[in-house]
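Novice: Let me give you the structure first, and then I'll get to my questions.
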Amino acid sequence: MPDSQPRQPDDDAADAADATSSPDTAATAETGTLVLCGARLTDGRIVDVRLGGSRIEAVGTAGSLTAPGPRVDLRGYLLLPAPAEPHAHSDTALTAHAAGPDSPGPVSHRREDIQRRATEASLLQLGHGATALRAHVRIGDVQGLTSLEAVLQARRSLRGLAELTTVAVPRLLTGVAGADNLAMLRDAVKMGAGAVGGCPDLDPDPAGYAEAVLEIAAEQGCPVDLHTHGDNPARLGRLAAMAGGLRPGVSIGPCAGLSRLPPQAAARAADQLAATGVTVVCLPQGGCCGVEGRGTAPVRLLRAAGVRVAAGSGALRDFANPVGRGDPLEAAYLLASQSGMRADEAYGAVSSVARKAMGLPEVRVEAGFPAELLAVRGEQLSGVLSLAYSRVVVHRGRVVTRTSAVREYCDSETVVALGLPRQARPDSGPCGGP
């Protein structure tokens with residue numbers, strides 16, 4: 001018999017989201033049934049999982065679930081709730097090649113080129129397992145709303161593969177210089193930006209910047225995602241206090257500057273953040289503002305104070321991080337290896353906590369929950385974070401991408417004794433080769 005029967009998940013926000021989504025943003029749910037066979041769960045059980053439409057229909061012991069239609073063999077894989085990406089930069093992704101002395105030329109800011117890069121970057125991150133992404137997109141200055149228009153078009157082209165939402169990010173919002181951007185920020189929300197944000201630290205009046213963003217968020221009913229280095233405790237405290245009124249729809253990050261503060265000052269700042277209920281999105285794989293943003297927030301300190309901490313990827317092979325991978329499992333690995341988090345806590349930072357920060361429904365491998373899943377070859381979560389090579393990604397109840405890795409060894413006594421996979425022997429060609 002199935003271990004779990006269909007039931008309503010604790011968070012019914014998924015149904016509300018489905019009911020309120022516009023035709024441009026709602027992905028069409030698959031109507032067929034898919035069975036994932038022989039997957040291992042984090043509690044050690046080996047199970048079959050039946051998916052119907054965009055939800056998990058049932059979870060049962062291996063071999064107990066039958067259904068017409070396709071089946072996917074997941075023996076040897078650990079099945080997890082899919083991670084989410086709370087801090088991407090889709091409009092600047094994949095532009096690092098234009099930064100070096102041998103670059104082919106300046107980065108193109110044409111709408112179609114930005115759209116292509118944003119789409120490719122999102123698909124790369126989907127391949128890593130992130131079925132939902134939040135992209136911070138710059139608006140204003142010479143580009144106006146071009147980048148946002150391009151990323152929104154990429155979002156539409158990704159329907160059914162991944163959910164891409166945008167944060168409109170103006171540079172200035174106060175004074176005469178910021179007046180046009182303020183109007184543009186309102187236009188961005190009307191166009192389809194899912195959240196408003198930006199970097200108050202770059203404005204001559206950081207408090208005024210934050211106040212303007214929060215006012216538009218309250219006026220338009222949308223979340224807030226602000227970027228701050230966090231190296232000024234007084235400014236961070238004011239920002240957190242102002243944003244606390246909109247909780248839990250407020251995220252700030254990456255707050256790497258907190259790690260450089262004296263311990264007592266950092267502890268006071270952590271307590272202030274905890275009191276306001278905002279989520280801190282750290283970037284363990286590197287900042288998104290160049291060398292000055294390197295490092296990560298003091299995750300242990302923040303969690304000890306009661307701050308909700310999610311983890312994102314930040315820059316994906318752009319000028320800020322030319323080797324950025326955009327891999328949520330790498331972010332979790334770094335949290336576990338460098339910040340001392342348990343493997344389940346580290347993975348939670350890129351999955352359940354990240355989803356909550358993005359306003360997404362909770363995912364569990366239980367009946368009734370959204371069919372947003374990631375299968376990774378391995379038996380335990382710690383091993384998966386260490387060697388996460390082969391992956392199968394499920395979005396809205398169907399497999400949307402697979403990554404397979406094969407490692408083989410040459411013939412030797414050691415390889416034979418250990419039973420390791422050996423390289424296939426090619427047929428000899430006329431010159432002794434294949």
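Novice: Out of the stretch 147-168, which residues are open to solvent by less than 30 Å² (accessible area, probe 1.4 Å) and more than 18 Å from the chain's Cα centre (by Cα)? Outline the logic, then answer.
Specialist: Keep residues of the stretch 147-168 that are open to solvent by less than 30 Å² (accessible area, probe 1.4 Å), which gives 147-148, 150-152, 154, 158, 160, 162, 164, 166-168.
Across the stretch 147-168, the qualifying residues are S147, L148, A150.
Novice: In the stretch 393-424, which residues are surrounded by 15 or more Cβ atoms within 10 Å (Cβ to Cβ) and in a strand (DSSP E or B)?
Specialist: Answer for the stretch 393-424, where residues must be surrounded by 15 or more Cβ atoms within 10 Å (Cβ to Cβ) and in a strand (DSSP E or B): V393, V394, H395, R398, V399, V400, T401, T403.
Novice: Looking at R308, is it open to solvent by 30 Å² or more (accessible area, probe 1.4 Å) and at pLDDT 95 or above?
Specialist: Working: open to solvent by 30 Å² or more (accessible area, probe 1.4 Å): yes; at pLDDT 95 or above: yes.
Yes: the conditions hold for R308.
Novice: Looking at R268, R260, R300 in this structure, which one is more than 19 Å from the chain's Cα centre (by Cα) and under 30 Å from T95 (Cβ atoms)? It would help to see each step written out before you state the result.
Specialist: On the way: R268 fails: under 30 Å from T95 (Cβ atoms); R300 fails: under 30 Å from T95 (Cβ atoms).
After ruling out the rest, the residue left standing is R260.
Novice: When the residues of the stretch 183-212 are narrowed to those that are under 21 Å from C288 (Cβ atoms) and charged (D, E, K, R), which ends up most open to solvent (accessible area, probe 1.4 Å)? Walk me through how you get there before you give the answer.
Specialist: Step one: of the stretch 183-212, the residues under 21 Å from C288 (Cβ atoms) are 185, 188, 193-203, 206, 209-210.
Remaining after also requiring charged (D, E, K, R): 201, 203.
Numbers: D201: 42, D203: 7 Å².
Among those residues, the one meeting the criterion is D201.
Novice: Looking at the stretch 262-274, I want the residues that are among the basic types (K, R) and have a partner that is in a helix (DSSP H, G or I) and open to solvent by less than 30 Å² (accessible area, probe 1.4 Å) with Cβ atoms under 9 Å, at least 6 apart or on another chain. Which pairs are those?
Specialist: R268/G237
Novice: Got a number for residues in the stretch 106-125 being in contact with a strand residue (DSSP E or B) (Cβ under 8 Å, 6 or more places away or on another chain) and surrounded by 24 or more Cβ atoms within 10 Å (Cβ to Cβ)?
Specialist: We begin by selecting, within the stretch 106-125, every residue in contact with a strand residue (DSSP E or B) (Cβ under 8 Å, 6 or more places away or on another chain); these are 118, 121-123, 125.
The next check asks that each one be surrounded by 24 or more Cβ atoms within 10 Å (Cβ to Cβ); those that pass are 118, 121-122, 125.
Here the count works out to 4.
Novice: Something else now. Between a first residue in the stretch 211-226 that is among the polar types (S, T, N, Q) and a second residue that is open to solvent by 20 Å² or more (accessible area, probe 1.4 Å), which pairs have beta carbons less than 6 Å apart while being 6 or more apart in sequence or on different chains?
Specialist: That search, which allows pairs on different chains as well, returns Q220/V189.
Novice: Additional query: Kindly provide the set of residues from the stretch 192-207 that are under 19 Å from L239 (Cα atoms) and part of a loop (DSSP other than H, G, I, E, B), ordered by number.
Specialist: First, pick out the residues of the stretch 192-207 that are under 19 Å from L239 (Cα atoms): 195-207.
Within the stretch 192-207, C199, D203, P204, D205 qualify.
Novice: Ok, one more. With the requirement that a residue be open to solvent by 30 Å² or more (accessible area, probe 1.4 Å) and either among the acidic types (D, E) or more than 19 Å from V59 (Cβ to Cβ) (or both), what does the stretch 359-379 give you? Can you show your working first?
Specialist: Here is the first cut: in the stretch 359-379, the residues open to solvent by 30 Å² or more (accessible area, probe 1.4 Å) are 359-360, 362, 364, 366, 377, 379.
Listed by number, the residues that qualify are G359, L360, E362, E366, R377, E379.
Novice: Answer yes or no: is there a residue in the stretch 94-101 that is touching a Leu at 6+ places or on another chain (Cβ under 9 Å), of a type outside the set (G, A, S) and at negative phi.
Specialist: The answer is no; no qualifying residue exists.
Novice: Next question, about the same structure. Could you identify the single residue in V309, V280 that is closer than 28 Å to T95 by Cβ and assigned to a strand (DSSP E or B)? Walk me through how you get there before you give the answer.
Specialist: Working: V309 fails: closer than 28 Å to T95 by Cβ.
Checking each option against the conditions leaves just V280.
Novice: Further question on the same structure: State all residues of the stretch 345-358 that are open to solvent by less than 20 Å² (accessible area, probe 1.4 Å) and touching a residue at least 24 places away in the same chain (Cβ under 8 Å); if no residue qualifies, say none. Give the derivation first.
Specialist: Of the stretch 345-358, the ones open to solvent by less than 20 Å² (accessible area, probe 1.4 Å) are 346-351, 354-355, 357.
Of everything in the stretch 345-358, those that are open to solvent by less than 20 Å² (accessible area, probe 1.4 Å) and touching a residue at least 24 places away in the same chain (Cβ under 8 Å) turn out to be A346, Y347, A349, V350, S351, A354, R355, A357.
Novice: I'm trying to understand the selection: among the residues of the stretch 248-268, which are assigned to a helix (DSSP H, G or I), out of contact with any helix residue (DSSP H, G or I) (no Cβ under 7 Å at 6 or more places or on another chain) and open to solvent by 20 Å² or more (accessible area, probe 1.4 Å)? Talk me through it step by step, then tell me what you get.
Specialist: Pass one, the stretch 248-268, residues assigned to a helix (DSSP H, G or I): 256-260, 263-268.
Subset that is out of contact with any helix residue (DSSP H, G or I) (no Cβ under 7 Å at 6 or more places or on another chain): 257, 259-260, 263-264.
If the condition is that a residue be assigned to a helix (DSSP H, G or I), out of contact with any helix residue (DSSP H, G or I) (no Cβ under 7 Å at 6 or more places or on another chain) and open to solvent by 20 Å² or more (accessible area, probe 1.4 Å), then S259, R260, P263, Q264 are the ones that fit.
Novice: Follow-up question, since we're still on this one. I'm checking my understanding of the structure. Among residues of the stretch 27-48 that are open to solvent by less than 30 Å² (accessible area, probe 1.4 Å) and closer than 29 Å to S157 by Cβ, which one is modelled with the lowest pLDDT?
Specialist: From the stretch 27-48, those open to solvent by less than 30 Å² (accessible area, probe 1.4 Å) are 27, 34-39, 41, 47-48; that's our starting set.
Then keep just the ones that are closer than 29 Å to S157 by Cβ; that gives 27, 34, 36.
Details: A27: 34, L34: 95, L36: 97.
The extreme case among them is A27.
The values are calculated or read from the model by the stated rules, or taken from the named source; none is laboratory data. In this text the structure is predicted, and so the values were computed from the model without any measurement. We place every Cβ from the backbone using ideal geometry, glycine too, and count neighbours over all the protein chains shown. Side chains are part of the model used for accessible areas, which takes the heavy atoms of the whole protein and leaves out ligands, DNA and RNA. Shrake-Rupley method; radii C 1.70, N 1.55, O 1.52, S 1.80 Å.
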